[in-house]
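Report on the following structure.
The values are calculated or read from the model by the stated rules, or taken from the named source; none is laboratory data. No experiment lies behind these values; they were computed from the predicted model shown. Note that we place each Cβ from the backbone using ideal geometry, even for glycine, and neighbour counts take in every protein chain shown. Each accessible area value is taken on the protein alone, full model and side chains, heavy atoms only, with ligands, DNA and RNA left out. Shrake-Rupley method; radii C 1.70, N 1.55, O 1.52, S 1.80 Å.
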Protein chains: 2
Amino acid sequence: MTDLKYLELPQCPVATTALLIGDHWKILIIRELLNGTKRFSELAKGLDGVSNKVLSQHLKIMEIRGLIHREVYAEVPVKVEYSLTSIGWKLKPLIREMWKWGEIYKESIHTNDV
Amino acid sequence: MTDLKYLELPQCPVATTALLIGDHWKILIIRELLNGTKRFSELAKGLDGVSNKVLSQHLKIMEIRGLIHREVYAEVPVKVEYSLTSIGWKLKPLIREMWKWGEIYKESIHTNDV
DNA sequence: CAGTATCCATGAAGATACTG
DNA sequence: CAGTATCTTCATGGATACTG
């Protein structure tokens, strides 16, 4: 598994961000967690169609990179909660801009004014 | 090639944005074009390591989806310029947020405060 | 419940050579 | 110059079954 220490960050901050969350599932995971702490199964439900394997892989790498926090509760059956770290929360304005632009784009499609 | 008409946009605006520009190369192409009109070779140089094939594929799909404009000049040798459309320009705040967060993240790495 | 272990299919990307 | 055409390689994702 890719370790944080071996992840060469690009000079450009935009490229850095693209590298860290620049893919479909990670973006949606952040979106989910901006609504608060979630359990594994809750995340899976919110991310329609994601497989266990893919979801757990993304969560793991995002935890390693410091974006999310994983809390295990010693209950039976086991309970695991995922939440954003402080730096993860700082992605909120970015996701908000994605939301805004997505709405603008969808509107522009309807008016044929792409 | 995926046609705009057959691209089902998700309900969620965030997912829509993720679908349209949620990958490494597209983000960097937008970043480049926010600095102004560029020729194919200029883009290739700015996007270190991208192959002709991959670059032209992304440009084509982004043009189809209305994000960028392609202008061909009937010169010899031919000159082609790429620029953002009006809706493409509206990605500027989003890229700005990516820039800001990328800087924050890189800083946090240095201070071990991830 | 929250994953892991496999296996398979798909496709995105890279290198190279060639063309209008 | 600005691509296209191929071919190969590799990573990612999906389905399913199983486990602490």
*asked:* Need one value for A:88-99: mean number of C-beta atoms belonging to other chains within 10 Å of its residues' C-beta atoms.
replied: 6
*Nearest-ten-degree value, helix A:24-33 long axis tilted from longest Cα axis of chain A*: 70 degrees
*asked:* Taking the 0 to 90 degree range and rounding to the nearest ten, how far is the long axis of helix A:92-110 tilted relative to the main principal axis of chain A, both from C-alpha atoms?
replied: 40 degrees
*What are the residues whose amide H is under 5 Å from the amide H of B:ARG39, where those residues sit 5 or more places off or on another chain and H is modelled from the backbone?*
B:TYR82
*Taking amide H positions as placed 1.01 Å from N in the peptide plane, with prolines and chain starts having none, which residues 5 or more places from B:ILE68, or on another chain, fall under 5 Å of its amide H?*
B:GLU63, B:THR85
*If ligands, DNA and RNA are left out, what is the accessible area of B:VAL50 with a 1.4 Å probe, given in Å² to the nearest 10?*
20 Å²
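Do you know the relative contact order of the stretch A:16-110, to the nearest whole percent, from alpha carbon pairs under 8 angstrom that are 6+ apart? It would help to have the intermediate numbers written out before the result.
Numbers: 76 pairs, mean separation 26.1, N = 95.
Value for the stretch A:16-110: 27 percent.
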*On a 0 to 90 degree scale, rounded to 10, what angle separates helix B:52-64 from the longest Cα axis of chain B?*
90 degrees
*Would you kindly derive the ³J(HN,Hα) couplings of the stretch B:82-88 from the backbone phi angles with the Karplus curve 6.51 cos²θ - 1.76 cosθ + 1.60 (θ = phi - 60°), listing them in order in whole Hz, with x for Gly and Pro?*
10, 8, 7, 7, 4, 6, x
*Pairwise centroid distance, computed over Cα atoms, of the stretch A:31-94 with the stretch B:12-72, Å*: 30 Å
*Shielding of B:58-69 by partners, i.e. mean partner chain Cβ atoms within 10 Å per residue?*
1
*Ignoring everything but the protein chains, give the 1.4 Å probe accessible area of A:THR111 in square angstrom, nearest 10.*
80 Å²
